[in-house]
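Nothing in this text is a laboratory measurement; each read-out follows from the coordinates by a stated rule. Every value quoted in this text rests on a predicted model; they were computed, and no experiment measured them.
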Amino acid sequence: MSYCDTCVVRNQAICAALDSNELQALNAIGRRRKLEPGQSLLWEGEDSVLVANVIDGVLKLSTGTADGREQIVGVVYPSDFIGRPFGKQTAHSVTALTDATVCVFSRADFDAFAREHPSLEHKLLQRTLSELDRTRHWMLLLGRKSASERIAAFLLDMSERLVQPGCEGPPSEAHQEFDLPFSRQQVADVLGLTIETVSRQFTKLKNDGVIDLPSRRTVRILDREELEDRAG
């Protein structure tokens with residue numbers, strides 16, 4: 001039995017465009033790899049030698065500033081694609097935030113496979129355009145929205161992305177409680193806020209009955225409609 005046969009995100013990942021024979025050929029050039037929290041898969045500025053599908057877990061994309069600080073510039077989830085196909089250099093470091101499993105391919109092998117399978121290239125283009133839309137939305141979030149709007153929008157995005165395979169679709173009970181893969185400081189870094197502001201906003205949402213915080217990382221949405229209103 002191949003990795004593809006047991007892959008829980010196969011129908012959502014870029015390889016969903018392939019038939020069984022093509023999946024078998026793709027499986028032959030890939031391998032599963034497990035990552036622990038804090039373990040990096042790719043490093044900014046290095047040669048682009050790997051690409052990967054995320055099977056489970058959450059990873060961050062980050063870049064270093066001139067003064068040595070880290071800036072989180074994106075987050076990837078199960079079924080997302082990471083790495084730079086057809087590119088010579090890795091644009092961002094990719095590091096696991098949680099225990100994660102990825103399906104890794106040599107970039108050279110993957111590039112050759114993609115050239116021979118237009119349906120996969122088409123799926124890559126669709127993913128790229130979706131990422132562009134998400135980036136534009138994030139620019140609006142960081143550039144124009146208040147701190148309270150940023151936190152509310154962030155929690156809604158997390159609730160929609162951190163659901164288990166098979167729970168996609170309209171918000172349901174599966175979307176209402178989730179564990180954040182971020183510390184409060186990382187939330188602040190992602191949203192361009194201070195940790196004090198993040199903590200105040202979480203506390204306010206809890207006191208107002210919009211969310212509950214059963215533990216340091218767990219968020220339970222109690223009033224989704226109100227959270228959407230606060231997200232603007």
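Hey, what angle do you get for helix 20-29 against the long axis of the chain, alpha-carbon based, 0 to 90 degrees rounded to 10? Result, in degrees: 90.
For the chain, adding -39500 (n - 2.57) for each run of n ≥ 4 DSSP H residues and dividing by the number of residues yields -12500 deg cm²/dmol at 222 nm. Compared with the dominant principal axis of the Cα atoms in the chain, helix 147-161 is inclined by about 40°. For the chain, what class follows from the C-alpha gyration tensor (a ≥ b ≥ c being the square roots of its eigenvalues): rounded when a/c is under 1.5, otherwise prolate if a/b is larger than b/c, else oblate? Here the chain falls in the prolate category.
Total lysine pairs in the chain at Cα distances under 22 Å, for residues eight or more apart or on different chains: 5. Return one number: the angle in degrees, 0 to 90 and rounded to the nearest 10, between the long axis of the Cα atoms of helix 107-116 and the longest principal axis of the Cα atoms of the chain. Taking the Cα atoms of the chain, the angle to 107-116 is about 70 degrees.
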